[in-house]
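Structure record follows, encoded as structure tokens.
Each value in this text was obtained by applying a stated rule to the coordinates, not by laboratory testing. Because the structure is predicted, anything quoted here is derived from the model rather than measured. Heads up, the Cβs are rebuilt from the backbone with ideal geometry, glycines too, and the neighbour counts pull from every protein chain shown.
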Amino acid sequence: MVSLILISIGILFNLLGCIGIIRLPDTYNRLQAATKAVTLGCCSILLGVVFHFGLSDAGTKALIAIPILFFGSTVAAHALIRGTYHFGIKLGEKSVKDDYKDAVK
Amino acid sequence: MSTWLNILLYVQIGLSGICMYRIIRGPTIPDRMVGADIFGILVVGVCAIISIQTEKSFILDIGIAWIILSFIGTLTLAKYLTGKKLNE
């Protein structure tokens, strides 16, 4: 029962992240909304798998997958957004502040 | 329990379809890459739910391998984006 609650919470987070990936106006906004919400949502789903299986082989595999997912996806998103900025994509019209511009050149 | 888990599985697959929409309709190249990155994370959730439904543990192996391949692929695409500016 705990596993079902955790999986439901995770899918709610995933739903919010995917609404963000549809609705937000800018590449940077889309990435920062979707990465955080979807990473935490999938970590919650894997934690639900751990609670369902206990500490058997499947539960241990899910427990190992959580830090890999957490660090891997965040590092990949950071590298992707840095590459996007260097590629020359402009910020949206409603953006008011760009601190990274001074740090690049 | 199984019915509710089925509904959650279909919702998760539908969210992957939303990411496919962003991959197809992205205005620029980095938008498509963002869609592919988020798609790679969502598939791990699908693998986890299927492993609960079928009570098999090897599907989680597929999930872990998918995480690592998605990580390497996104890093490669980001390097491609950065390196193109240096060549210009």
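Can you give the calculated 222 nm mean residue ellipticity of chain B, where each DSSP H run of n ≥ 4 adds -39,500 (n - 2.57) and the sum is split over every residue, rounded to the nearest 500 deg cm²/dmol?
Computed ellipticity for chain B at 222 nm equals -32500 deg cm²/dmol.
Ratio of alpha-carbon Rg to the 2.2 N^0.38 Å globular estimate for the stretch B:2-83, to two decimals, please.
Rg over 2.2 N^0.38 Å, computed on Cα atoms: 1.24.
Which is farthest toward the positive dipole end of the protein assembly as shown among A:PHE87, A:PHE51, B:SER57, measuring Cα position about the Cα centre, with Cβ charges +1 (Lys, Arg) and -1 (Asp, Glu)?
Among A:PHE87, A:PHE51, B:SER57, the one farthest towards the positive end of the dipole of the protein assembly as shown is A:PHE87.
Which stretch or stretches of the stretch A:4-24 have amide N atoms under 15 Å from the point lying 7 Å from A:PHE51's Cα along the Cα→Cβ direction?
Under 15 Å, as judged by backbone N against the label point of A:PHE51, lie A:4-13 of the stretch A:4-24.
Determine the shielding of peptide A:20-32 by partner chains: average, over its residues, the number of Cβ atoms on other chains within 10 angstrom of each Cβ.
Averaged over the peptide's residues, the number is 3.
Shape of the stretch A:66-105 from its Cα gyration tensor (a ≥ b ≥ c, root eigenvalues): rounded if a/c is under 1.5, otherwise prolate when a/b > b/c, or oblate?
Taking the square roots of the gyration eigenvalues as a ≥ b ≥ c, the stretch A:66-105 is prolate.
Testing the spin-label approximation: label points 7 Å from Cα along Cα→Cβ at B:PHE58 and A:ASP99. State their distance in nm.
Label-label distance for B:PHE58 and A:ASP99, simple model: 5.0 nm.
Show me the three semi-axes of the equivalent ellipsoid for the protein assembly as shown, from the C-alpha gyration tensor (sqrt of 5 times each eigenvalue), largest first, rounded to whole Å.
Value: 32, 17, 13 Å, ordered largest first.
Let me know the mean shielding of A:44-55 by other chains, meaning the per-residue number of their Cβ atoms within 10 Å of its Cβ.
Counting other chains' Cβ atoms within 10 Å and averaging over A:44-55 gives 4.
If you take the C-alpha gyration tensor of the stretch A:2-90, multiply each eigenvalue by 5 and take the square root, what semi-axes do you get, largest first, in whole Å?
Listed largest to smallest, the semi-axes of the stretch A:2-90 are 30, 16, 5 Å.
Give, rounded to the nearest 20 debye, the magnitude of the charge dipole that chain B has about its Cα centre when Lys and Arg contribute +1 at Cβ and Asp and Glu contribute -1 at Cβ.
300 debye
Arrange the following residues from fewest to most other Cβ atoms within 10 Å of their Cβ: A:LYS61, A:LYS97, A:LYS90.
A:LYS97, A:LYS90, A:LYS61
Which residue, B:SER70, B:SER16, B:SER51, tops the fluctuation ranking in a GNM of chain B built on C-alpha contacts under 10 Å?
The residue that fluctuates most here is B:SER51.
Ordered by residue, what ³J(HN,Hα) values in Hz, to whole numbers, does the stretch B:7-19 give under the Karplus form 6.51 cos²θ - 1.76 cosθ + 1.60, where θ = phi - 60° and Gly and Pro are x?
Going residue by residue, I get 4, 5, 5, 5, 5, 5, 5, x, 5, 4, x, 5, 5 Hz, with x marking Gly and Pro.
If you filter the stretch B:17-88 for trypsin sites (Lys or Arg not before Pro), then keep DSSP loop positions with at most 13 other Cβ within 10 Å, what is left?
Sites meeting the loop and neighbour criteria: B:LYS56.
Taking 8 Å as the Cα distance limit and 6 or more residues as the minimum spacing, I'd like the relative contact order of the stretch A:1-67 as a percentage.
Averaging sequence separation for qualifying contacts and normalising by length gives 38 percent for the stretch A:1-67.
Any idea what the dipole of the protein assembly as shown comes to, in debye rounded to 20, about its Cα centre with Lys/Arg Cβ at +1 and Asp/Glu Cβ at -1?
Around 540 debye, computed over the protein assembly as shown.
Under a GNM of chain B (C-alpha, springs under 10 Å), which listed residue has the highest mean-square fluctuation: B:GLY40, B:GLY63, B:GLY17?
B:GLY17
Per residue of B:29-40, what is the mean number of Cβ atoms on other protein chains within 10 angstrom of that residue's Cβ?
The shielding value for this peptide is 6.
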